[in-house]
1. Between residues in the range 89-103 that are touching a residue at least 40 places away in the same chain (Cβ under 8 Å) and residues that are open to solvent by 50 Å² or more (accessible area, probe 1.4 Å) and not β-branched (V, I, T), which pairs lie under 6 Å by C-beta distance while being six or more apart or on different chains?
2. Mind listing whichever residues of the range 283-300 are under 15 Å from I220 (Cα atoms), open to solvent by 10 Å² or more (accessible area, probe 1.4 Å) and part of a loop (DSSP other than H, G, I, E, B)?
3. Got a sec? Which of L441, L460 is open to solvent by 30 Å² or more (accessible area, probe 1.4 Å) and within 30 Å of K526 (Cα to Cα)?
4. Could you tell me whether any residue of the range 493-506 is crowded, with 16+ Cβ neighbours inside 10 Å, assigned to a loop (DSSP other than H, G, I, E, B), modelled with pLDDT of 95 or more and of a type outside the set (D, E)?
5. Considering only the range 236-258, state which residues are open to solvent by less than 20 Å² (accessible area, probe 1.4 Å) and either without any contact (Cβ under 8 Å) to a residue 24 or more places away in the chain or in contact with a Gly (Cβ under 8 Å, 6 or more places away or on another chain) (or both).
6. Restricting attention to the range 148-185, report how many residues are of a type outside the set (S, T, Y), out of contact with any strand residue (DSSP E or B) (no Cβ under 8 Å at 6 or more places or on another chain) and touching a residue at least 40 places away in the same chain (Cβ under 8 Å).
7. Go through the range 444-459 and give me each residue that's touching a helix residue (DSSP H, G or I) at 6+ places or on another chain (Cβ under 7 Å), touching a residue at least 40 places away in the same chain (Cβ under 8 Å) and within 14 Å of D175 (Cα to Cα).
8. Any residue that is at pLDDT 50 or above, open to solvent by 30 Å² or more (accessible area, probe 1.4 Å), charged (D, E, K, R) and assigned to a loop (DSSP other than H, G, I, E, B) - is there at least one of those in the range 67-81?
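The values are calculated or read from the model by the stated rules, or taken from the named source; none is laboratory data. Being a predicted model, the structure only gives us computed values, none of them experimental. Cβ placement follows ideal geometry from the backbone for every residue including glycine, while neighbour counts extend to all protein chains displayed. For the accessible areas, the whole protein counts, side chains as well, though only heavy atoms, and no ligand, DNA or RNA atoms are used. Shrake-Rupley method; radii C 1.70, N 1.55, O 1.52, S 1.80 Å.
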Amino acid sequence: MKKSMIKLGCLTLMSALMVSSLAGCKAKVKETTVDSNAAYSGRFEKTLEIKLPVYDRGVQGEAAVDNNYWTKWMAEKALKDINVKVTYVPIPRNQDVDKFNLLLAANDAPDVIFSYDYPVISSFTSRGAFQEIKPEMLTKYGPNLKKYLGDELLAYGKIDGKQMLIPAKRPMMGDYSSTIRKDWLEKVGMKAPTTNDELYAVLKAFKTQDPGGVGKDKVIPMAMSGFGNNSQSTPYWSFLDDKISDRDFAIYSDLIVTPLTWEPAKKALQMLNKFYNEGLVSPEFALDADGKKAEAAISNAQVGIFSQRISKSPPIFETLLKNAPAAKFEAMPGLVQTAGNEAKAYGYYPYGMLSGINKNAENPEAVIAYYDWMSKTENLTSLENGIEGKTFKTVDGLPVMDSTYKGAEKLILNTNRDYLCILASDRDTGDDAKNIKIKSLSDAPTGFEKYFIENYNASLKAMNTNNFTFTSPVTSLTKSSNTLKAKYQEYGIKLIMCKPDEFEVLYKTYSKEYLSSGYQEIIDEKAKLYDAQIAKK
């Protein structure tokens with residue numbers, strides 16, 4: 001989850017039409033078995049071929065994701081080391097589910113299907129898209145893989161007791177949190193807020209006192225943009241009572257669809273309505289889908305609280321300091337809490353990408369052997385860092401990427417993350433402190449390395465909750481998610497921008513329409529699945 005008052009971003013959602021087309025497809029399936037008695041010394045005697053997906057993010061200036069220095073390096077080295085020939089299949093990142101469905105329906109899918117979203121991958125599993133990864137296969141062809149991931153993480157890939165998925169590590173369990181102008185706090189004589197009431201008081205002080213001297217007509221106490229682009233646009237986590245039941249939490253909290261009709265969501269929308277009507281948030285948030293207006297206001301030193309990645313590009317923090325040299329920053333958890341309750345935010349699961357082996361894959365053992373090969377320290381380190389003196393330099397004994405390097409050996413997106421994602425969501429040294437320090441040295445603007453770490457650590461403070469993992473697909477979520485997302489963008493914006501005395505009537509109207517548009521079906525199905533899953537324990 002993006003832990004902020006309002007975050008940018010977009011969740012890729014499943015297409016119900018494509019789901020139906022796959023369900024009706026009758027593919028020829030080649031059953032594969034592993035002979036546990038056959039000799040295997042870490043390299044196949046006969047060359048085995050596999051096709052692996054790789055995200056194509058369509059970034060201008062980047063080399064082709066299926067044909068570059070690093071795909072050639074991996075292909076050549078895997079062929080030499082384990083005698084596996086690898087071909088990479090580009091998958092558009094913003095259309096990945098639809099693309100996988102098309103390829104599966106045409107019996108032309110790669111040997112691995114993956115997704116960061118458990119409901120997506122669970123849907124593929126329920127439709128028989130994957131073959132089981134037998135324990136003997138994992139032991140025989142993936143000893144390094146098993147050691148790297150560990151039994152606890154691998155257990156997240158088991159469905160109904162069978163290993164159907166390979167979960168990738170999430171080495172860094174935090175993200176980024178909100179930033180508050182500390183110099184503004186000092187001028188108004190206040191501390192960073194820890195409750196919603198304190199947040200309101202601070203924003204009100206920023207608005208009335210204009211501590212940055214930008215002009216009361218220009219000051220924006222809290223930046224807000226991209227509303228409705230993801231399920232965390234409404235900070236309903238701030239209104240979760242400590243006594244909330246596990247069942248209600250599982251049914252309503254969701255990373256795909258916003259629980260508009262849930263009481264915590266209503267309270268969050270009421271809070272944002274109050275903020276908007278009193279001029280405490282970005283006045284044009286509804287027109288700022290890409291967040292560019294918010295970025296400009298932050299850079300111009302007009303904003304008191306904002307949630308923004310601390311990165312070299314765009315150079316928001318650096319530009320802000322040029323416009324306000326006396327500016328100081330303090331990290332605060334992205335979500336404050338109602339008084340008397342423990343601060344809460346979505347806590348990441350220990351896995352990132354989830355991979356399944358295509359039911360039609362002819363050489364599943366080669367897929368596992370490739371994952372195993374990549375998990376070896378020397379290969380993983382090379383893919384994560386590249387070549388010393390070219391793509392990275394060593395600082396304090398740690399590899400630091402050189403983002404200015406433009407040679408052929410340049411890592412794709414300076415990270416190679418879309419090749420590494422099958423094993424880890426970020427660079428992994430095995431040490432949390434080293435991981436975050438490396439990331440700060442690589443990603444933070446010069447002079448912001450220490451604050452990068454402070455901001456990251458602040459994000460961890462409230463990450464004490466995990467969404468419930470449904471091991472069966474929520475089919476109604478698949479069917480209605482796009483419709484509900486569009487409706488929530490419309491309803492949420494209107495509820496925030498309406499007059500306070502209009503809120504209750506509008507909320508009741510929109511809630512009724514939201515429920516009838518598929519949300520009631522989702523609630524009912526999740527309740528049924530939750531009860532059945534708990535009963536099995």
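1. Listed pairs, sorted by first residue: R93/R57.
2. Across the range 283-300, the qualifying residues are P283, E284, N300.
3. Numbers: L441 fails: within 30 Å of K526 (Cα to Cα).
Step by step, each of L441, L460 is checked, and only L460 is open to solvent by 30 Å² or more (accessible area, probe 1.4 Å) and within 30 Å of K526 (Cα to Cα).
4. Yes, that holds for at least one residue.
5. Residue satisfying the conditions is T258 alone.
6. So the first thing to find is which residues in the range 148-185 are of a type outside the set (S, T, Y), and the list is 149-155, 157-175, 180-185.
Within this subset, residues satisfying the condition of being out of contact with any strand residue (DSSP E or B) (no Cβ under 8 Å at 6 or more places or on another chain) are 150-152, 155, 158-163, 172-175, 183.
In the following step, the residues that additionally are touching a residue at least 40 places away in the same chain (Cβ under 8 Å) were identified as 152, 159-160, 172-175, 183.
Adding up the residues that qualify gives 8.
7. The first filter runs over the range 444-459 and keeps only residues touching a helix residue (DSSP H, G or I) at 6+ places or on another chain (Cβ under 7 Å), leaving 444-445, 448-449, 452-453, 456.
Now drop any that are not touching a residue at least 40 places away in the same chain (Cβ under 8 Å), which leaves 444-445, 448, 452, 456.
Residues satisfying the conditions are A444, F452, Y456.
8. no
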